[in-house]
Amino acid sequence: MKAGAITIFLLASGLAAAAQSAAGPVESVTVTVTGLKEAPQEVVNRFVRSFAAPSYLTGKMARWENGVCPNTAGLAPKFAAFVSRRVRELAAQVKAPVDKNPSCRANIEIVFTTTPQNLLDTVRRKYRMYLGYHSGPAQADKLAVVTRPIQAWYLTATKDLSGKVEVDAYGAVSSDLVGAVAQDIATGGSGVGTANGTRKVTGGRLKDGVRTIFRNVIIAADPTKLTDYEVGTLADYIGMLALTHLSSLEVCQQPLPSIVNLLARNCPNPPSQLSESDLGYLKGLYSMSADGNMRMQQDGIAYQMKQTFKGE
């Protein structure tokens, strides 16, 4: 299936209908400094470890390498445009790539719908690859269950040293298998070994030339369960989910604040906007060594968080 098929499906399904928001100018996100300059290193390290979610196939953290292009559906046009613009602003602030083309093909689908499970049932039935990596139908069934007021599903891919990209999907086959095998052989592979050929690596223990990248993110939000929150707060929460795959959204982040505390259980006084900790984490994610091992990536993020706390 072509990359934009899921977007067409979401907008035409009747589960959430709204026009695609305009790209608009990319601005910076204003984050209130909350006095975290003296946060102990161990506190920062613990925050990173609790956030970081390794990808299934590489054990590394995923991030965007193609320009992000969010599309919001199911809200009044001005609010849908606001949410999409906020995601773009945040991406630009943390130096994630942003597709500046106003008519870009969406790769982040944000759907506000009162029937999110119906939406995911349809994704599971017709486009189950977009649920994220799974080993078969039984695991796909589990992935397609909606359990939160705002929930995200991540389609990732593995990119090797030669730049070859293979979607992380069980039994995935390239849409251009002949071309993929030819490219693999041209870049030093054998044309066999993975769905699209042999993966080319450096052989190093700390950095092997292989990284995990996002290809598509679906975010479903149930407005009937979010009536207590302003759209700006929800946009910040959604922006966090759109740019990183977090390990757990149920853990209350303490003592460093995080926007993810908003919908976590038993979290007193959650921030109503992106926190300095969140911004530092995302900056670290998009400045770390993408092909490093998990520990190296976590250390890189923790270092950037400390720099952010210092105002650097």
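What GluC sites (Glu not before Pro) does region 38-123 have in DSSP loop regions with at most 11 other beta carbons within 10 Å?
Glu38
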Computed ³J(HN,Hα) along region 139-152: with the Karplus parameters 6.51/-1.76/1.60, θ = phi - 60°, integer Hz and x for glycine or proline, the list is 5, 4, 4, 5, 5, 7, 8, 7, 10, 9, x, 10, 9, 10
Can you pull the one-decimal nm distance between simple spin-label points at Lys225 and Thr122, each 7 Å off the Cα toward Cβ?
1.9
Once phi is turned into θ = phi - 60°, what whole-Hz ³J(HN,Hα) does the Karplus curve with 6.51, -1.76 and 1.60 give for every residue of region 154-163, x standing for Gly and Pro?
10, 9, 10, 9, 9, 10, 9, 4, 7, x
5 angstrom amide H check on Ser162, placed H, neighbours 5+ away:
Lys200
Go through 72-80, 282-290, 211-219 and give me the packing order, highest mean Cβ count within 10 Å leading.
211-219, 282-290, 72-80
Please sort 232-242, 250-260 by packing, taking for each peptide the average over its residues of neighbouring beta carbons within 10 angstrom, highest first.
232-242, 250-260
Assuming R0 = 22 Å, can you tell me the calculated FRET efficiency for the pair Leu246 and Arg105, based on Cβ-Cβ distance, to the nearest 0.05?
0.30
Where in region 96-172 are there trypsin sites (Lys or Arg not before Pro) that are in a DSSP coil and have at most 11 other Cβ atoms within 10 angstrom of their Cβ?
none
Above-threshold pairs, the threshold being 31 Å between Cα atoms, out of Lys100/Lys283; Lys37/Lys95; Lys60/Lys142; Lys126/Lys225; Lys100/Lys142:
Lys100/Lys142
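None of the figures in this text is laboratory data; all of them are computed from the coordinates on show. Bear in mind the structure is a predicted one, so any value in this text is a computation, not a measurement. With ideal geometry, Cβ positions are generated from the backbone for all residues, glycine too; neighbour counts draw on all protein chains shown.
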